[in-house]
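Below: the structure, in structure tokens.
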Amino acid sequence: MARPLEEPGEVRGRPGIEDLPVYVQGKSAPDAVKLSSNENPYPPLGPVLDVVREEAARINRYPDMGAVELRGRIAAHHGVRADEIAVGTGSVEVAQQLVNASAGPGDEVVFAWRSFEAYPILVRIAGATPVMVPLAPDERHDLDAMAAAITPRTRLVLICTPNNPTGAVVRTEEFERFLAAVPRDVLVVVDEAYVHFDRDPDSIDGVDLFRRHPNVAVLHTFSKAYGLAGLRVGYAIAPERIATNLRRVAVPFGVSGLAQAAAAASLDAESALAERVDLVVSERARVLAAVRDRGWRPVESSGNFVWLRTGARTDAVGEALRGGGVLVRAFSGEGLRITIGTPEMNERLLAALPSA
Ligand SMILES: Cc1ncc(COP(=O)(O)O)c(C=O)c1O
């Protein structure tokens with residue numbers, strides 16, 4: 001789309017800003033079941049709300065800019081050093097820090113497509129060039145094609161596993177082969193936003209890869225399994241020099257005191273977390289089986305969502321679901337991403353879903 005011509009004397013924007021793709025938020029409506037944003041349908045874990053209430057009394061103060069306590073807790077949780085942790089307002093902001101700290105005009109960032117819709121936006125905001133490598137026909141990352149897409153201009157590779165929106169994972173053996181083909185001066189980021197829901201024994205383990213490879217970083221979030229999407233906090237585990245650079249490009253005081261306290265308290269609620277995640281995982285199996293009974297052919301999903309390749313029928317099926325009071329994320333002409341909700345929400349979904 002061409003940039004509209006500015007009237008003489010009008011404030012000049014940065015060229016290209018009006019052409020940026022726009023992030024589409026999952027729809028919501030009163031009385032509808034919202035399965036459109038891969039959120040956790042359950043409230044925050046155990047003591048988290050009490051901690052947030054207590055912290056609310058201090059919102060006249062700026063938060064700890066270094067998030068020292070939270071970074072220490074995250075580091076202990078993973079058995080890494082606090083210097084290797086950077087936090088942000090959701091892992092999407094940490095992804096932006098990674099892009100901004102790695103790539104600028106003339107540089108390339110390689111990632112699979114379709115994947116998390118923020119990636120191309122973040123890369124273009126940085127002025128770098130997105131290199132989008134189509135998924136394989138089985139909805140998985142095509143790692144050979146991604147390795148072949150790396151050029152001397154490549155500064156960063158983003159790997160999303162389980163992949164949003166398809167739910168497919170990257171496996172250890174193929175990933176080790178891929179890493180061997182990536183130049184050591186290119187950072188590979190493993191975005192594991194949905195890692196808690198992944199039960200595939202062959203999936204890569206981002207933190208283990210971070211320990212063994214000097215050019216691997218991992219992205220995690222408190223938004224999904226931990227159920228803190230509204231508080232906005234995520235983190236990277238990255239080599240110390242990179243983590244330091246991420247803190248340099250972060251928005252000062254971005255992560256609120258409420259978010260820092262809630263995230264730290266969530267790390268203590270391991271057994272409540274496991275219970276919630278188990279519920280979502282068993283509902284995922286039930287929804288996948290029911291969807292297959294209707295004639296759809298979704299691939300296995302390791303996220304808290306399933307992906308239907310509805311193709312040309314995407315808008316029509318999305319409308320039918322909406323008519324049944326269920327909102328999902330539609331990628332027109334491609335497919336529908338349906339978040340796993342509570343058993344009751346999933347029942348409404350299945351009641352409204354047309355057959356293939
Ligand atoms: C793959 C992936 N990464 C990162 C994010 C960002 O999540 P948040 O910014 O809430 O941590 C999302 C959100 O949907 C996602 O799907």
Cα centroid separation - the range 1-67 against the range 222-241, whole Å: 14
Search the structure for amide H atoms under 5 Å from the amide H of Phe305, placed 1.01 Å from N in the peptide plane, and list their residues when 5 or more places away or on another chain. Ile340
So how much accessible area does Lys27 have, in Å² to the nearest 10, using a 1.4 Å probe? 110
Counting Lys and Arg as +1 and Asp and Glu as -1, what is the net charge of the other residues whose Cβ lies under 15 Å from the Cβ of Glu54? -1
Phe331-Asp208 pseudo-label distance in nm [points 7 Å out on the Cα-to-Cβ vector]: 2.8
Can you give the net charge of the other residues whose Cβ lies under 11 Å from the Cβ of Thr314, counting K and R as +1 and D and E as -1? +1
For Met132 and Asp64 in the same chain, what is the full-extension length gain: residue separation times 0.36 nm, less their Cα-Cα distance, in nm? 20.8 nm
Report, in deg cm²/dmol and to the nearest 500, the calculated mean residue ellipticity at 222 nm for the chain, where each DSSP H run with n ≥ 4 adds -39500 (n - 2.57) and the sum is divided by the residue count. -11000 deg cm²/dmol
Can you give me the accessible area per residue for the chain, using a 1.4 Å probe, in Å²? 45
Could you sort Met146, Met65 by their accessible area in this structure, using a 1.4 Å probe and putting the largest first? Met65, Met146
Can you give me the distance in nm between label points at Ala32 and Asp315, each placed 7 Å from the Cα along the Cα-to-Cβ direction? 1.6
If you roll a 1.4 Å probe over the chain with all protein chains in place, what percent of the accessible area is carbon or sulfur? 54
At what distance in angstrom do the alpha carbon centres of the range 116-141 and the range 294-333 lie from each other? 21
Low-density loop positions, trypsin sites (Lys or Arg not before Pro), the range 128-175 - DSSP coil, at most 15 other Cβ in 10 Å: Arg153
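The values are calculated or read from the model by the stated rules, or taken from the named source; none is laboratory data. Quantities reported herein were computed from a predicted structural model and do not represent experimental measurements. Positions of Cβ are generated from backbone atoms using ideal geometry, with glycine treated the same way; all protein chains shown enter the neighbour counts. We work out accessible area using only protein heavy atoms, side chains counted, and drop any ligands, DNA or RNA first. Shrake-Rupley method; radii C 1.70, N 1.55, O 1.52, S 1.80 Å.
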